[in-house]
1. Taking a ≥ b ≥ c as the square roots of the eigenvalues of the Cα gyration tensor of the chain, is the shape rounded (a/c under 1.5), prolate (a/b larger than b/c) or oblate?
2. Restricting to Cα pairs below 8 Å that are 6+ residues apart, what does the relative contact order work out to for region 138-259? Please round to a whole percent.
3. Please give the charge dipole size of region 96-167, origin at the Cα centre, charges +1 on K and R Cβ atoms and -1 on D and E Cβ atoms. Round to the nearest 20 debye.
4. Quote to one decimal, in nm, the extra length available between R145 and A182 on full extension: 0.36 nm per residue of separation minus the C-alpha distance between them.
5. In percent, how large is the relative contact order of the chain, given Cα pairs closer than 8 Å and 6 or more residues apart?
6. What is the Cα centroid distance between region 83-101 and region 20-78, reported in whole angstrom?
7. Can you give the helix-only mean residue ellipticity at 222 nm for the chain, where every DSSP H stretch with n ≥ 4 adds -39500 (n - 2.57) and the sum goes over all residues, rounded to the nearest 500 deg cm²/dmol?
8. If I take R0 = 41 Å and measure r between the Cβ atoms of F100 and R233 in this structure, what FRET efficiency does the formula 1/(1 + (r/R0)^6) give, to the nearest 0.05?
Amino acid sequence: MPDALHDTALHEPDQALHVEDLTVSYGATPALWDIDLDVPRGVMCAIVGPNGAGKSTLIKAALGLVRPVAGHVRFLGREVGRMRGRIGYVPQRHSVDWDFPTTVRDVVEMGLYRSLGWLRRPGRAARTRAMAALAEVGMQDYAERQISQLSGGQQQRVFLARALVQDAPILILDEPLAGVDATTEAVIIDLLKRLRDAGRTIIVVHHDLTTVQSHFDWLVMLNVRIIAQGPVRAVYTPENLRAAYGRQLAMIAVPTEAP
Ligand code: ADP
């Protein structure tokens with residue numbers, strides 16, 4: 001008998017994310033210009049580029065949170081509106097209202113709402129899943145704390161746990177490592193790599209060029225336009241870094257030229 005889930009997987013296209021001719025503008029100047037992008041399934045992809053390059057805008061436009069001037073986007077061959085619950089999104093920390101009075105466990109259970117339906121209250125099964133996800137990110141002891149009482153790195157882990165309970169095939173994270181300590185960074189990267197190894201696609205806006213090669217296997221370099229995209233070893237080159245970062249490059253790590 002055919003296995004429905006397996007069957008669906010077989011018919012999903014190879015691209016987790018496909019973007020065509022995407023242009024986004026907040027005013028007169030474009031934040032993104034004519035972006036063509038493909039992120040294959042099952043990679044751990046970093047999006048890098050200087051401040052203001054349009055990295056967050058690319059994520060938001062792909063998710064339908066910002067309206068583009070032109071272009072179209074597909075996740076696993078579908079429009080984003082048909083991907084409900086199948087994309088886990090962890091926004092930038094400063095874009096979230098952390099004073100909202102809610103416990104850590106509530107935040108994680110919110111990740112289940114799509115599968116539960118809005119009218120059904122989360123029960124014991126939801127609690128078990130939320131606690132398992134919190135354990136995965138090392139935050140099980142904080143379940144009943146107010147989210148506002150946690151450090152930035154801990155809040156980031158809780159948001160990752162919320163994305164985990166969704167069990168989504170695609171995870172998108174906007175600067176999850178910004179301002180977190182080394183332990184939290186290791187926990188997050190370890191977990192993301194395990195999810196990638198289990199076949200999920202991980203897309204991360206990343207600011208630290210020194211860890212691109214150790215953390216990621218796929219790379220998108222952006223500066224309003226796409227500078228380069230592909231496997232890290234092919235894309236992380238001095239030429240591409242110069243093209244993306246220009247004069248800012250003196251301050252950052254440049255790989256040595258291949259012999
Ligand atoms: P990055 O994430 O690479 O730092 P962003 O996508 O945040 O870049 O921003 C790209 C450009 O768009 C920047 O010049 C930024 O100032 C501008 N921008 C971003 N969000 C808005 C907004 N809501 N309104 C107006 N301009 C914006």
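What follows is calculated from the coordinates using simple rules that are stated; it is not laboratory data. Everything numeric in this text was worked out from a predicted model, so none of it was measured. Neighbour counts are summed over all protein chains in view; Cβ atoms, including those assigned to glycine, are modelled from backbone coordinates with ideal geometry.
1. Because a/c hits 1.5 or more and a/b exceeds b/c, the chain counts as prolate.
2. Computed over region 138-259, the figure is 17 percent.
3. Working: 10 positive and 8 negative charges, 67 e Å.
Using only the charged Cβ atoms, the result is roughly 320 debye.
4. Length gained between R145 and A182: 11.0 nm.
5. It comes to 24 percent, rounded to a whole number.
6. A separation of 18 Å, based on Cα centres.
7. That calculation yields -9500 deg cm²/dmol at 222 nm.
8. Step by step, r from the Cβ atoms, then E = 0.45.
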